[in-house]
Each structure stands twice: as structure tokens, then as C-alpha cells.
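Worksheet: one structure, shown below.
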Amino acid sequence: MEGRGGSVAVQLQQLILRSESVESFLEAFAFYTSRLFGSEDEYSCGITLTRGDLTVTAGSSTEAAEIEELRQGFSDDPWRNSSQIHQTFVVDEARTDERLPGYREVLRDRGFHAVVGVPAVIGSEGGAVISLYARRPTVFTPDVIERFEEYVTGATTSLELALKLASYRDAAADLLAAMESRTNIDIAVGIIIAQNHCTQAEAVQLLRRAARHQQIKLRALAERIVQTLNAAPVAAHFVPAPGQSSA
């Protein structure tokens, strides 16, 4: 499938590279999707992504984003069933569709008439529903629905890649936090050795004993000790691999 500015796959890869988080990618993804199928006055796109206990929603417009958030609490949410049975759900005219008593009012208040929602399986334990909202009724013809389904199928790989990159970034951030915590502890141990003329093992025991006595975590006490001698926060420093930025 070709989009504006090149193939959809290439465009979505560029969105991933430019995004700092899953949330920012989904917002950019929703905006790109809506423009791929029409103008801002015609369509909006919303997406709800779930993986384990994580649920993230986004929309190409304020109205679409609100709907994605609100529908999480609807007992008659057709999208929830759609994602479970992996079938497309279409509403030609939300104002007269009797299947959606709660959903209908939300759509009407935000100026939408028609909706098509396509589920996607993301990896082994994730899923998403990508919805296209239209300002006019009966615009989702069989050809448009087929085109949207093909688009969602092709975009699934990009969504999975975005999730994996986000998990790697989270793991890297956790590792850096752990390294910085270890750095503070090592420096605090060195300070105790210098002040008490003791061995490293003895200094570690003194630090642990003091942490238990004050009922605070070891790393918090170490940070406090270091800051008494150093006004600037201590940070772990890494030598970047060839080709990597040091920023």
C-alpha cells in the first residue's frame, strides 16, 4: 500500500524512529492513518493498544482521543468483542444503530456518524483496535473497509516493533538507574572508609546498619552521604560503543 510520501511501511518506520515513547508513536500513527484516508474534516483515527496489564489510547484529534478513553468504560463496547473474535466491526450510522445505546451518544456529541474498527494481534500477548471515525454516514463501502483492513494488517509489524523498542528503552532506563544507584553506594563506601579508617567490608556493614537504623533504603542513604560532600548529583558514565552517540 502506498501512502503520501512513499510506502506505508517506510513511513511508519520513520514515525517509530522519530518517536520517544509508545504514546508519542501512537499519536503520530493515528494522525498519519487519518490523513491517509481523507482530510481532517472527514476522518479521525483512534487506537487502543493492550499488552498484558498495559492499555494505551491515542487519537488523531481531541474527539477521537476522548472516544478511545471513554469507550473503555462502556459495557456495550463492540470493539472489545471485536478484538476478542478478531473481526471488523462497522457502524454505518451511529445515530440509528440500536447496538450502541451508550456509544451512540458519545459519537453524536463529538460529531461522528460512522465508524469502522479493525482488530490486530500484536505479538504473542498483545492486541490493538484501530478505528476510523467519519463525519458523514455510510461512507465505509466494502472497498474502503477492505483497504482499511489491509492497511491495519500491514501496520501490525510496525506496532509490534514500536512496543519492542519501548520495552528496550525501559530496560535501558532501569539499568542506568541501577548503575547510578550502585555508583552512589560505592562512593559512600569510599567516604566511610576514609572517615573511619576501616576496610571495605566494614564500611559496607556500617552503611547497611545505618540504613536499617534510619529505616531508609541503602541507596537513599548512600545518595544522602554523597550529597553532603558533593553538591551535584552523581551519575554513572559510560563509554559509547563505536557509532553510538554519547548524548
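The values are calculated or read from the model by the stated rules, or taken from the named source; none is laboratory data. Worth saying up front: this structure is predicted, and the values here are computed from it rather than measured. A quick note on method: Cβ atoms are made from the backbone with ideal geometry, for glycine too, and the neighbour counts reach across all protein chains shown. These accessible areas exclude ligands, DNA and RNA; they are computed on the full protein's heavy atoms, side chains included. Shrake-Rupley method; radii C 1.70, N 1.55, O 1.52, S 1.80 Å.
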**OP:** Add +1 for every Lys or Arg and -1 for every Asp or Glu among the other residues with Cβ under 14 Å from the Cβ of PRO142, and state the total.
**Re:** -4
Subject >> Inter-label distance, nm, simple model (7 Å from Cα along the C-beta direction), ASP143/ARG95 >> reply: 2.7
Original post:
Per-residue accessible area for ARG219 at 1.4 Å probe radius, Å² rounded to 10?
Top reply: 130
Original post:
Residues with beta-carbon under 9 Å from that of ARG110, excluding ARG110: net charge, scoring Lys, Arg +1 and Asp, Glu -1?
Top reply: -2
Subject >> Gained length - ASP186 relative to GLU42, 0.36 nm times residue gap less alpha-carbon distance >> reply: 45.9 nm
Original post:
What nm distance separates the two modelled labels at ARG108 and SER24, each placed 7 Å from Cα along Cα→Cβ?
Top reply: 4.0
**OP:** Return the distance in nm (one decimal) between the two label points of a simple spin-label model at ALA9 and ALA211, each offset 7 Å from Cα along Cα→Cβ.
**Re:** 5.0
Original post:
Can you give the accessible area of THR157 in Å² (nearest 10), computed on protein heavy atoms with a 1.4 Å probe?
Top reply: 100
**OP:** Kindly rank 142-153, 37-48 from highest to lowest mean number of other beta carbons found within 10 Å of each residue.
**Re:** 37-48, 142-153
**OP:** Rank these by accessible area, largest first, 1.4 Å probe: GLU98, GLU202.
**Re:** GLU98, GLU202
